[in-house]
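> The structure under discussion is supplied below as structure tokens; questions concerning it will follow.
The values are calculated or read from the model by the stated rules, or taken from the named source; none is laboratory data. Computed from a predicted model, the values in this text were never measured in an experiment. A quick note on method: Cβ atoms are made from the backbone with ideal geometry, for glycine too, and the neighbour counts reach across all protein chains shown.
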Amino acid sequence: MSGLDTRSVSRDSLFLLANVRVERQSEQHRVRVRNLSDGGMMGEGPMLVARGNRVEVELRNVGKIMGNVAWVQDQRFGIAFDEEIDSQRARAPAGSNAESETTYGGLSRAHKAPPPPPKPTGLRKV
């Protein structure tokens, strides 16, 4: 996804905590998750990260996810996950059976980008 494409992805503001570890470093940092989508998150905390860093994020009810730091501004940073997650599971109370309650057939559909508009060449004139 390009920068423009990712801005259309629906995201919710929330307050969660996550553990983040920069690849090849042993220290884990506790950060605030300010918003979360199936494809990434915005975190906030005093950890030092740079754009392009590989990170491992541990989210409640989801587990560990690998990703890249996409941007950094002051103590906030964006992480693009390598694989999509079900972001609804992280919002559910710890230990709950969030998957059966919030999803239908896999990943959450509430936080997906809308499909691209059809190409004009593929439209039929009426």
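> Return the residue satisfying two criteria in turn: it lies in the stretch 71-115 and is among the β-branched types (Val, Ile, Thr) and at pLDDT below 90, and of such residues it is surrounded by the fewest Cβ atoms within 10 Å (Cβ to Cβ).
Thr103
> Take the residues of the stretch 11-36 that are in a strand (DSSP E or B), under 12 Å from Ser87 (Cβ atoms) and modelled with pLDDT under 90: which is nearest to the chain's Cα centre (by Cα)?
Residue satisfying both the conditions and the ranking: Asp12.
> List every residue pair whose Cβ atoms sit under 6 Å apart, with the two residues 6 or more apart in sequence or on different chains, where the first one lies in the stretch 109-126 and is closer than 30 Å to Asp86 by Cβ and part of a loop (DSSP other than H, G, I, E, B) and the second, anywhere, is modelled with pLDDT under 65 and of a type in the set (A, V, I, L, M, F, W, C).
Taking only residues 6 or more apart or on different chains, the pairs are Ala113/Val9.
> Do any residues in the stretch 59-77 that are at positive phi and polar (S, T, N, Q) have Cβ atoms under 8 Å from those of residues that are assigned to a strand (DSSP E or B) and modelled with pLDDT under 95, where the two are at least six apart or on different chains, and which pairs are they?
Here the result reads none, with nothing in the stretch 59-77 linked to a residue that is assigned to a strand (DSSP E or B) and modelled with pLDDT under 95.
> Go through the stretch 37-53 residue by residue and tally those that are within 18 Å of Lys64 (Cα to Cα), in a loop (DSSP other than H, G, I, E, B) and of a type in the set (Gly, Ala, Ser).
Looking only at that region, the number is 1.
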